[in-house]
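The values are calculated or read from the model by the stated rules, or taken from the named source; none is laboratory data. Everything numeric in this text was worked out from a predicted model, so none of it was measured. As a convention, Cβ positions derive from the backbone with ideal geometry for all residues, glycine included, and neighbour counts pool all protein chains shown. Remember, those area values only see protein heavy atoms, side chains included, never the ligands or the DNA or RNA. Shrake-Rupley method; radii C 1.70, N 1.55, O 1.52, S 1.80 Å.
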Amino acid sequence: MHERTAVTALTLAVSALLATALPAQAQAGPAGYYGTKTPYAPQQNARTYQQAPEGFVPVFTENVSRHGSRAASDSEDGDLILALWDKAEAEGQLTRTGERFGGDARALLAAMDKIGYGQLSGRGVREIQDTAARLEERLPVLFRQIVRNSERIDVVNSGKDRAVDSGNLFADALADNDPALAPLIAPARTDADLLYFHKSAGGEEYRDYVDNDERLAATLDAITDQPATHTAARHVLERIFQPAFVKRVTAGEFSSIGTEVEAAQAVHALYSIAPAMSDEGDWDMRRYIAPRDAQWFAYLGDAEDFYEKGPGFDDSDITYRMANVLLDDFFEKIEAKQAGTGDVGAELRFTHAEEIIPLAALMGLPGSTEGASPARPYTYADNAWRGASVAPMATNIQWDLFRKGNKYLVRMLYNEKQTAFKKSCKPVARGSYFYDTTELQRCFNRSTSTTP
């Protein structure tokens, strides 16, 4: 009882902060408002990249990629909203728009069930294959070197089907574009400690935070349970159900199925996953949720990801500290190449949003540089973090290593856009996207013992 009282008091305190910190409607995020379900698109044309300094040639590349677009993890959201829809239909309580919703939702669920919940969609397959093709096109000199020197292409995955499939598709696409690479691609291997660290031994403290931290629970409860959320929920439901039925949902008559907020979140979940399933059908779920309401529910989803996976509270690194295992691996592969102890020409890793988001925060990538003060909770108005840009489907972070004599430079691409390292890292020249490896070791507090 004491713990429940403490959590309630904390929630009320956060609610009071939100009353002054949060605008009535979240300010604009990326178009579409799909959060981390946003399908992938490369963020820069390779023809506009900076050229490497004179004399430097690529000798190694490595990346980490989220799996491609996929079906929803399960049918829970669809089941919830369709249970309410069935009751409303039986009572003649559907709007004209709502009459179409049941068929559209069931068709979308059937398509996801057919490919398998959580599995790659047709769009997801193409995202991964196209990304592989562009990688090869960007670095022709490197891939010719890999063939000439019989260097290995290493493929590593988290062990989850969609990551395994993404890695295999990526490797196959490389080989399809250049058959000479096929015998150099090593059999894919699984490393859950590296690429599923939030569920591995290294994530134990993090899991305790997500499951038991009172401040986290109070903050997320307060962000969700506010007037703007209930207003947006009623707007969503009123597109599908008659006002009298919405009032009954709001009053809790169907609490065994779900609250008004849960029902509206379920509609938004189907809306968000529909673009990922575009190859399987012509889904237009936009008719069932207005942009302003899609934006609000995207904000609620982003808030959860921000506090549970991203920068989180600015006085703690619990959400992203565990990503050091992955950042260490990036450095170790670079250092091995410099030292001449590695025979790998390309290191390709495939994982999930739960790993990409904390890695982005650890590295200080654009949009992931600022945590939220406990005194001022996360909002779109005062924080740049957006799931749609930090970790859309097939998100990738790539480091390319260039060499001239005994000097080595690294260039980073984030979703195929040349990206500066964090501010404490100094490039080789002002405005350059190339960094000396010793400078990266310094600004990321790495040991240089393995560097020749």
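Among all helices in the chain defined by DSSP H, which have a length of 27 Å or more along the axis from Cα atoms plus a Kyte-Doolittle mean of at least 0.0? Numbers along the way, then the final one.
Working: long enough: 2-21 (28 Å, 0.98); 96-115 (31 Å, -0.29).
Counting only whole DSSP H runs, the qualifying helices are 2-21.
Per residue, what accessible area does the chain have, given a 1.4 Å probe and all protein chains present, in Å²?
43 Å²
Which of the residue pairs Lys337/Lys422; Lys333/Lys417; Lys337/Lys407; Lys160/Lys199; Lys333/Lys407 have a Cα-Cα distance greater than 18 Å in the structure shown?
Working: Lys337/Lys422 23 Å; Lys333/Lys417 22 Å; Lys337/Lys407 12 Å; Lys160/Lys199 12 Å; Lys333/Lys407 16 Å.
Beyond 18 Å between Cα atoms: Lys337/Lys422; Lys333/Lys417.
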| task | For Asp282 and Ala180, calculate 0.36 nm times their separation in residues minus their Cα-Cα distance, and state this gained length in nm to one decimal. | result | 32.9 nm
| Proximal lysines relative to Lys87, as straight alpha-carbon distance under 24 Å, when same-chain residues fewer than 8 apart are discounted | Lys247
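How much length would be gained if the chain were fully extended between Ser255 and Lys417, taking 0.36 nm per residue of separation minus their Cα-Cα distance, in nm to one decimal? Can you show the working numbers first?
Values: separation 162, 0.36 × 162 = 58.32 nm, distance 4.62 nm.
Going from the current span to full extension adds 53.7 nm.
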| message | Can you give me the distance in nm between label points at Arg144 and Asp225, each placed 7 Å from the Cα along the Cα-to-Cβ direction? | response | 6.5 nm
| request: Before anything else, pin down the relative contact order of the range 43-172: Cα pairs under 8 Å, at least 6 apart, normalised by residue count, whole percent. | output: 36 percent
| message | From the mean inverse distance of alpha carbon pairs (Kirkwood) and the Cα radius of gyration, derive Rg over Rh for the range 368-442. | response | 1.08
| field | Percent accessible area from carbon and sulfur atoms, the range 69-183, protein chains only, probe 1.4 Å | value | 43 percent
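Please compute one quarter of the surface area of the Cα convex hull for the range 241-391 and express it in square nanometres. Present the calculation step by step, with values, prior to reporting the outcome.
Numbers: hull surface 53.7 nm².
Projected area, direction-averaged: 13.4 nm².
For the chain, give the share of DSSP beta bridges that are antiparallel, in percent and rounded to the nearest 5; count only bridges with both residues there.
Working: 23 of 39 bridges.
Percentage antiparallel, nearest 5: 60.
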| task | List the relative contact order of the range 293-384 as a percent without decimals, with contacts defined as Cα pairs under 8 Å and 6+ residues apart. | result | 41 percent
| request: Could you list which residues have their amide H under 5 Å from that of Asp317, counting only those 5 or more apart in sequence or on another chain, with H placed in the peptide plane? | output: none
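Could you look at the range 274-399 and say what percent of its accessible area is carbon and sulfur, using a 1.4 Å probe and all protein chains?
Answer for the range 274-399: carbon and sulfur cover 44 percent of the accessible area.
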| Excluding same-chain residues fewer than 8 positions from Lys426, which aspartates and glutamates have a Cα within less than 14 Å of its Cα? | Asp436, Glu439
| field | MRE, 222 nm, helices only [DSSP H, n ≥ 4, -39500 (n - 2.57), over the chain, to nearest 500] | value | -15000 deg cm²/dmol
| request: Would you mind calculating the relative contact order of the chain from Cα pairs under 8 angstrom and at least 6 residues apart, reporting the percent as a whole number? | output: 30 percent
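Based on the Cβ-Cβ distance of Ala336 and Lys407, what FRET efficiency does E = 1/(1 + (r/R0)^6) give at R0 = 25 Å, to the nearest 0.05? Don't jump to the answer; show the numbers that get you there.
Working: r = 17 Å, r/R0 = 0.69.
Efficiency at R0 = 25 Å is approximately 0.90.
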| Gain on full stretching of the segment that runs from Thr369 to Asp211 - 0.36 nm per residue minus C-alpha separation | 54.4 nm
| Counting only Cα, what are the radius of gyration and maximum Cα-Cα distance Dmax of the chain, in Å? | 23.6, 78
